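Contents: one structure, followed by commentary.
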Amino acid sequence: MNIQWFPGHMAKTRRLISENLKLVDVVIELLDARIPLSSRNPEIDRLVGSKPRIIALNKSDLSDPEKNRLWARYFEKRNIEVIYTNALTGMGMDQMKNKLKEMTRSKTESAAAKGRIGRSIKTMVVGIPNVGKSAFINKIAGRASARTGDRPGVTRSKQWVRINPEIQLLDTPGILWPRFEDPETGLNLAFTGAIKDEIMDTVELASKLMEKLAVMYPDKLAERYRLGRVEGRPGYRLLEEAGRNRGCLVSGGEVDLNRIASIVLDEFRGGRIGKITLEDPPNEYYMEEHHEKADD
């Protein structure tokens, strides 16, 4: 699947982030814990540059706990501050507030020395569409301050939110990048809902997802849809069998592929197939780990 999507408001969002970056002390980059690399927008890397940054791996309640540990180690080895968050339960929110204070302590103390008591920490939240930014902001603020939705593209303009007397936070619209160099990135974003289903062939997308799960999580896939052997089978056939098992049939006994495709995508995104991470840390991570163990 050749997935490209860059609506006009994305270019506006790039300008908004660039223009407001000078107002903030720390950038919070929200990633999807199920796809930590695919949800890292290279546009944001370029825009943020050397500005202090915290990565929040959100939706960590839906990701594989074992792979969470691998990804935490991967980022730590690159001196990147990482906090696992769950915008629904509030996991990681207190840790995030403490980390913001820690990273801006010198600025706060310097301002106090000049008589500016109570200087607010200003931070900006950036990320791709549907990564949970608005839910994250509402949870960390403890009230419904930002609009939320389960579809990408809900937030369309910037808004400042006061988290507490010490921290102000700038919400920004989600931003994708003009072109996905790696087709796998586009697929991962589509699987998790960062790209609107309305522009996708959902049957093909669900088939691709089932093929991927058949390799990475065969037991979970087989159990959820009462499938036989899943390894090596075309995703389309797996989808068809799942549809038959779920009773997604139309007249004549044919499988309603559109219906079962929607079910599979919804159940994956809601964590009902299981806790799943679609990406492993890059190969160089495993090489580094091997060398370190050898040195020990």
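The values are calculated or read from the model by the stated rules, or taken from the named source; none is laboratory data. Every value quoted in this text rests on a predicted model; they were computed, and no experiment measured them. When we count neighbours, we look across all protein chains shown, and the Cβ atoms used for this are built from the backbone with ideal geometry, even at glycine.
Quick notes on this one:
- Index of the failed condition, Leu47 passing every other in (1) modelled with pLDDT of 85 or more; (2) within 30 Å of Arg105 (Cα to Cα): (1)
- Matching residues in the range 227-273 - criterion: being assigned to a helix (DSSP H, G or I) and among the β-branched types (Val, Ile, Thr): Ile260, Ile263, Val264
- The requirement of being within 16 Å of Glu279 (Cβ to Cβ), assigned by TED's automatic domain parsing to the domain that holds Glu43 and free of Cβ contacts under 8 Å to residues at least 12 places away in the same chain is satisfied by Glu66.
- When restricted to residues that are surrounded by fewer than 15 Cβ atoms within 10 Å (Cβ to Cβ), within 14 Å of Ile140 (Cβ to Cβ) and touching a residue at least 12 places away in the same chain (Cβ under 8 Å), the range 95-118 contains 2.
- Hits in the range 217-251 (condition: crowded, with 16+ Cβ neighbours inside 10 Å and among the aliphatic types (A, V, I, L, M)): Leu221, Ala222, Leu227, Val230, Leu238, Leu239, Ala242
- Out of Gly153, Gly132, Gly92, Gly127, sole residue that is surrounded by 14 or more Cβ atoms within 10 Å (Cβ to Cβ), within 22 Å of Arg269 (Cα to Cα), at pLDDT 90 or above and assigned by TED's automatic domain parsing to the domain that holds Pro36: Gly92
- Test: residue in the range 115-125 that is in a loop (DSSP other than H, G, I, E, B) and under 17 Å from Ser60 (Cα atoms): no
- Restricted to the range 74-89, and to residues there that are more than 15 Å from Leu169 (Cβ to Cβ) and either without any contact (Cβ under 8 Å) to a residue 12 or more places away in the chain or of a type in the set (Ser, Thr, Tyr) (or both), the residue that is surrounded by the fewest Cβ atoms within 10 Å (Cβ to Cβ) is Asn79.
- Selection count where residues are more than 22 Å from Pro281 (Cβ to Cβ) and surrounded by fewer than 19 Cβ atoms within 10 Å (Cβ to Cβ), scope the range 17-42: 6
- Residue match in the range 185-196 (condition: in contact with a helix residue (DSSP H, G or I) (Cβ under 8 Å, 6 or more places away or on another chain), under 25 Å from Glu66 (Cα atoms) and among the polar types (S, T, N, Q)): yes
- Qualifying position, being touching a strand residue (DSSP E or B) at 6+ places or on another chain (Cβ under 8 Å), modelled with pLDDT of 95 or more and in the same structural domain as Val131 (by TED's automatic domain parsing), among Ala72, Ala87, Ala33: Ala33
- In the range 185-193, the count of residues that are in a helix (DSSP H, G or I), over 18 Å from Leu278 (Cβ atoms) and not small (Gly, Ala, Ser) is zero.
A quick yes/no check of all residues on (1) at pLDDT below 95; (2) in the same structural domain as Pro65 (by TED's automatic domain parsing); (3) in contact with a strand residue (DSSP E or B) (Cβ under 6 Å, 6 or more places away or on another chain); (4) not aliphatic (A, V, I, L, M):
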site: Asn188; (1), (2), (3), (4): yes, no, no, yes
site: Met210; (1), (2), (3), (4): no, no, no, no
site: Pro218; (1), (2), (3), (4): no, no, no, yes
site: Leu239; (1), (2), (3), (4): no, no, no, no
site: Gly243; (1), (2), (3), (4): no, no, yes, yes
site: Asn258; (1), (2), (3), (4): no, no, no, yes
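- Some residue of the range 36-48 being over 16 Å from the mean Cα position of the chain (by Cα) and basic (Lys, Arg): yes
- Check on Val230, free of Cβ contacts under 8 Å to residues at least 24 places away in the same chain and within 15 Å of Ile276 (Cα to Cα): no
- Top-ranked residue of the range 270-288 - restricted to ones that are at pLDDT 95 or above and surrounded by 18 or more Cβ atoms within 10 Å (Cβ to Cβ), ranked as nearest to Pro36 (Cα to Cα): Glu279
- One residue stands out in the range 175-229 among those that are among the hydroxyl-bearing types (Ser, Thr, Tyr) and under 17 Å from the mean Cα position of the chain (by Cα): the one that is nearest to Ser39 (Cα to Cα), namely Thr185.
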